[in-house]
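Taking it in order: structure first as structure tokens, then the write-up.
The values are calculated or read from the model by the stated rules, or taken from the named source; none is laboratory data. A quick note: this is a predicted structure, and the numbers were derived from the prediction, not measured. Just so you know, the surface numbers come from the protein's heavy atoms only, side chains and all, with ligands and any DNA or RNA stripped out. Shrake-Rupley method; radii C 1.70, N 1.55, O 1.52, S 1.80 Å.
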Amino acid sequence: MFFLCALRLNHEAIHGNLGLQRGGDIAVLHILSALMCGCNCSVAWSHMQHHRHAMGPGDIEGHCGHMSAIQVLCYGPRFPMDLIRACWKQGGSKWRRRMLRDGLCVVLAAGVFLWSGQRFLLLHLAAMAAAQCMTAFFAVWITHQGTGGSGLAARSQRGVLAKAAYLMFYHREHHLFPKVPVSRLPELAMRLDAQVPGYAASRMPVVPWLDRH
């Protein structure tokens, strides 16, 4: 749950939706990299490519949305490393410097966790490692699987499941209006359902039987 909550905060920083200067957003990415034990600046770069090339050949993040559930679960441990390699090769010197700062933050945090010997910190380290391996599944595949040839940017859920996922399942709306903060996506979805002809009928829920208006 901590990882998912941090992932949403990280996502808002990527899109500049925290009301901070860009330097503040990058600082948030570095701090969360330490706490989540991953390279969030490579995630940020790849996520912006994902919005630019949604489910297309240049979408490094979203390509796992074309996989089956079993395939993406097996691929999961490779996913963070693929994002790091892609950002390092294609992101340029600015993003490489940011990635190096991320790496330093992760090494320092992991060193402190291991040095302390505190059970809850060691459990946190293990949980973050496991969560990083599952990110391709619960951060990408769930909201994009089956949408590749549909003409839709992503799936979009309503009801209790959308709330349980910290509103991140309003994903079609996010792709259409990425500068809208996640906390405002339910209001945006309600307006689109009511005012855009055909919008509600064409929507693909994440889990149809839990979808409620």
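Residues whose amide H falls under 5 Å from that of Y170, counting only those 5 or more places apart or on a different chain, are Q157, with hydrogens built in the peptide plane.
With the whole protein complex present, E12 retains an accessible surface near 10 Å², based on a 1.4 Å probe.
This structure gives Rg and Dmax of the Cα atoms in Å, computed directly, and of (i) 17.4, 59; (ii) 19.8, 71; (iii) 18.1, 56 that value is listed as (i). Note that the stretch 87-101 has calculated 3J(HN,Hα) couplings of 5, 4, 6, 10, x, x, 5, 4, 6, 5, 4, 5, 5, 5, 5 Hz, one per residue in order, obtained from phi through the Karplus relation 6.51 cos²θ - 1.76 cosθ + 1.60 (θ = phi - 60°); glycine and proline are x.
Per residue, the solvent-accessible area of the stretch 43-115 (1.4 Å probe, heavy atoms of protein chains only, all protein chains present) comes to 56 Å².
Shown for the chain: the carbon plus sulfur share of the solvent-accessible area, taken with all protein chains present and a 1.4 angstrom probe, equals 67%. Taking a ≥ b ≥ c as the square roots of the Cα gyration tensor eigenvalues, with a/c under 1.5 meaning rounded and otherwise prolate when a/b beats b/c, else oblate, which class fits the stretch 1-80? Note, shape of the stretch 1-80 comes out oblate.
Sorting M134, M168 on solvent-accessible area from highest to lowest, probe radius 1.4 Å, gives M134, M168.
For the stretch 150-213, the per residue solvent-accessible surface stands at 54 Å², with DNA, RNA and ligands left out and a 1.4 Å probe. Of K179, K94, the residue with the largest accessible area leads and the full order is K179, K94 (1.4 Å probe). The solvent-accessible area of M81, taken with every protein chain present and a 1.4 Å probe, is close to 90 Å². By the compact-protein rule of thumb, 2.2 N^0.38 Å, the alpha-carbon radius of gyration of the stretch 90-139 corresponds to a ratio of 1.41.
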